[in-house]
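The values are calculated or read from the model by the stated rules, or taken from the named source; none is laboratory data. Every value quoted in this text rests on a predicted model; they were computed, and no experiment measured them. Virtual Cβ from ideal backbone geometry, glycine too; neighbours counted across all protein chains shown. These area figures cover heavy atoms from the full protein model, side chains too; ligands, DNA and RNA do not enter into them. Shrake-Rupley method; radii C 1.70, N 1.55, O 1.52, S 1.80 Å.
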Amino acid sequence: MLYAEVIVDITSEALDRPFSYIIPEEMEKEIAVGASLRVPFGTREVRGFCIGISDRCEMDPGKMKTVSAVVTDEETAEARLVALAVWMSRTYGGVLTKSLRVVLPTKKKMNPLMIRRAFLTDREAAKNYREKLTKRQKKRADVIDSLLLEDGQLVSRLVAEYGVTLPIIRGLEKDGVISVLASEKVRRAGEFSGRAGEPVILTPEQAKAVSDIRREWREKKRPVLLSGITGSGKTLVYMELIADALREGKQAIVLIPEIALTAQTVRRFVERFGMRVSFLHSRLSEGEKYDQMKAARRGDLSIMVGPRSALFTPFRNLGLIVIDEEHEETYRSELVPRYHARETAVERAVIEGANVLMGSATPSLTASYRVETGEYAGVSLGQRYGEAILPETVIVDMRKEAMAGRRSIFSEILRDRIRECVDRGEQCMLFLNRRGYAGFVSCRACGHVVKCPHCDVSLTRHKNGRLICHYCGYEMPDMNTCPECGSSHFGGLTLGTEQVEEMVHAEFPGIRTLRMDYDTTRGKEGHTKILADFGAGSADVLIGTQMIVKGHDFPNVTLVGVLMADLSLNADDYRSAERTYQLVTQAVGRAGRGKKRGCAVIQTFAPDHYAVRSAANQAYAPFYREEIAYRRILHYPPVGTMMAVLGSCENEKLLSTGMTYLKKFIARIDPGNALMAIGPAPQSVGKVRDRYRQVIYLRHERMDYLILARDKILEYIEINSGFEKIRVEFDMNV
């Protein structure tokens, strides 16, 4: 006898546990994990989802109820998503309810948006009716005259143009002159329209890439990493392979890292595939989200474009998942379950029998390492599409600028290039690489950064006058002079996009600027408007943080200035070199994407660092060799696996006590010390919303061992009342 573990109600936290049911013998071959079932629950039958099957059960079979039916057809897409939620919960932790709410985000039913049209029931009868109307019935006459010219008009249009009231419409309908028909209107996510166009002719290199990927999927079905320099036309390769899926009657999901890229990407896909393309993102209304999911479930859409959440589009016959800019950190959720869209996409593809294609000019070390080990297949593009060529790159040593007495944020060469660019009627982008800069201290004379002697990450300045490592907790007194050269130009740096914009106006009077950052893009269409204005030439210079260097294509941009390229290099994170290489490479790649050759000026206090050198040369291979060697030495991901145990509490002393006990318990889990624990230490931001935050990092060669350790930690927390006020969460492969 087989038993099904069934979760019956995803809307109730209290029911975040499975209930056991007997599987009838005739249903044993039909029921699998993820199957949608009808089961008795209390005095009624409800729908549930199978999350596990076993031949053993602790309950007395005589007191158990039996599965009533297996639900098929329209529920199958949702059932496969439930199977994905079960995998997410087991892999990333957190209660199953939260994973289910992520993969089924539009469970709440929204009222449909109805549109009403007025039609004449009989033209001749309407004309006769019209002749009998008096002057006081002019509004009725206006409606009939308008419908005689154009039948089937929107009622809302008649009301707006002629000042007609709804009682007049209802009166005409009652008299049998018109009939009003209502239909449901899908709330389109954005104003996009167009017919499917002809495919763009691929270059020989792109055509070979498509052929290689097709062969890989025929023979081995592995996920494919498409690496190509910026501007090499990876999107055209995506489209060709999506067209393959559509010809087979399947659907495709295209993940992009930023809301800012949505409009540009969707427009390109609509131009190729027509109106069977839509998109999702967090700034859509609940009604818009609901309608997109409903249209996808019905089969009215074939392609869904969007950030992380688009991965859970309920397509019935999913054939391909594309992950553009797969290296981006925005694919990692910061809320429980802390899933990564790349790993989750690969698992969904396994469940659905679909393919996965990842693309990036700067692949994550994880993806590249998996190509090296054979888990993924690798295909590359080495030439820019069309007539575009790689930009000239200039590395400016800001230490020399300081020694020459120039303290401006703009080096002399960048200042000259900006003037020349604007004088030619071309455009410039200024990228402030400020991700992760807050708190670290460095010397503006020699470039020295104070680092932890144990973890090789920068120490962070805290208000208590101490420099602290956020990995192991090492700390030392703050300092005001450089320990290397003795310079007094030593400390933190406070610089934002607003200040840069003010400096541009002071340095270049009359120059037109646009700023793109969190403050200027808060509105629903904030990203789209700024990018549209810049693309239309309404500004000479676009200033922004990382959101301006991700995938945008402006043919008239011939100059990119990277301000403080090494700010992210000194973040308190073992991935700081990887992120710096990615950001700077992406920034350099924005220049010269049209027929004019571009130039990128990279300003840095670390001109000899391999991340900066490789980014300037758009050379991934030498960067990967150096960085993966560093990861191997320290057993950091992707060579090893790593999990963060994140604790938070309103009481700082209670949190410290609890995390210390957790560290001692972890030592008992693995007496052989194969499981390495670092910490506890303050998180990068040590206090948020009156909750103190600490972290313990666990490292091991195998992910399954970390998952086992997590489960044991959860059991330990469950039986110890001291953790009732401490929130503990987990982040895998941080």
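Of the set (1) within 29 Å of ILE409 (Cβ to Cβ); (2) crowded, with 23+ Cβ neighbours inside 10 Å; (3) aliphatic (A, V, I, L, M), all apply to ALA606 but (2). Just a yes or no: is a residue in the range 565-578 under 20 Å from ARG415 (Cα atoms), open to solvent by less than 10 Å² (accessible area, probe 1.4 Å) and at pLDDT 90 or above? The answer is no, given that none of the residues of the range 565-578 is under 20 Å from ARG415 (Cα atoms), open to solvent by less than 10 Å² (accessible area, probe 1.4 Å) and at pLDDT 90 or above. Take the residues in the range 543-574 that are touching a helix residue (DSSP H, G or I) at 6+ places or on another chain (Cβ under 8 Å) and among the charged types (D, E, K, R); name whichever of them is farthest from GLN427 (Cα to Cα). If we take residues in the range 543-574 being touching a helix residue (DSSP H, G or I) at 6+ places or on another chain (Cβ under 8 Å) and among the charged types (D, E, K, R), then ASP573 is farthest from GLN427 (Cα to Cα). When residues of the range 376-433 are filtered for being among the small types (Gly, Ala, Ser), open to solvent by 20 Å² or more (accessible area, probe 1.4 Å) and outside any loop (DSSP other than H, G, I, E, B), how many remain? Matching residues across the range 376-433 total 2. Scanning the range 611-656 for residues that are open to solvent by 10 Å² or more (accessible area, probe 1.4 Å) and of a type in the set (D, E, K, R) yields ARG613, ARG625, GLU626, ARG632, GLU650, GLU652, LYS653.
Among the residues of the range 562-575, those identified as of a type outside the set (A, V, I, L, M, F, W, C) and within 13 Å of VAL449 (Cα to Cα) are ASP566, SER568, ASN570, ASP572. Where strands (runs of 3 or more DSSP E) sit wholly within the range 246-355, those with at least 3 residues that are among the β-branched types (Val, Ile, Thr), closer than 27 Å to TRP217 by Cα and touching a strand residue (DSSP E or B) at 6+ places or on another chain (Cβ under 9 Å) occupy 318-324. Within the range 611-623, does at least one residue satisfy the condition of being over 27 Å from the mean Cα position of the chain (by Cα) and among the small types (Gly, Ala, Ser)? No, because not a single residue in the range 611-623 is over 27 Å from the mean Cα position of the chain (by Cα) and among the small types (Gly, Ala, Ser).
From the list LEU542, LEU559, LEU514, the lone residue that is in a strand (DSSP E or B) and open to solvent by 30 Å² or more (accessible area, probe 1.4 Å) is LEU514. Restricted to the range 660-734, the set of strands (runs of 3 or more DSSP E) holding at least 2 residues that are of a type in the set (Phe, Trp, Tyr) comprises 691-700.
Residue-by-condition table, conditions (1) of a type outside the set (A, V, I, L, M, F, W, C); (2) in a helix (DSSP H, G or I):
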{"site": "VAL601", "(1), (2)": "no, no"}
{"site": "ALA611", "(1), (2)": "no, yes"}
{"site": "GLN618", "(1), (2)": "yes, no"}
{"site": "PHE623", "(1), (2)": "no, yes"}
{"site": "ILE633", "(1), (2)": "no, yes"}
{"site": "MET642", "(1), (2)": "no, no"}
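Candidates VAL588, VAL601, VAL584: the one that is among the β-branched types (Val, Ile, Thr), modelled with pLDDT under 90 and crowded, with 24+ Cβ neighbours inside 10 Å is VAL588. Within the range 657-685, the set of residues being open to solvent by 70 Å² or more (accessible area, probe 1.4 Å), without any contact (Cβ under 8 Å) to a residue 40 or more places away in the chain and not aliphatic (A, V, I, L, M) comprises LYS664, ARG668, PRO671, ASN673.
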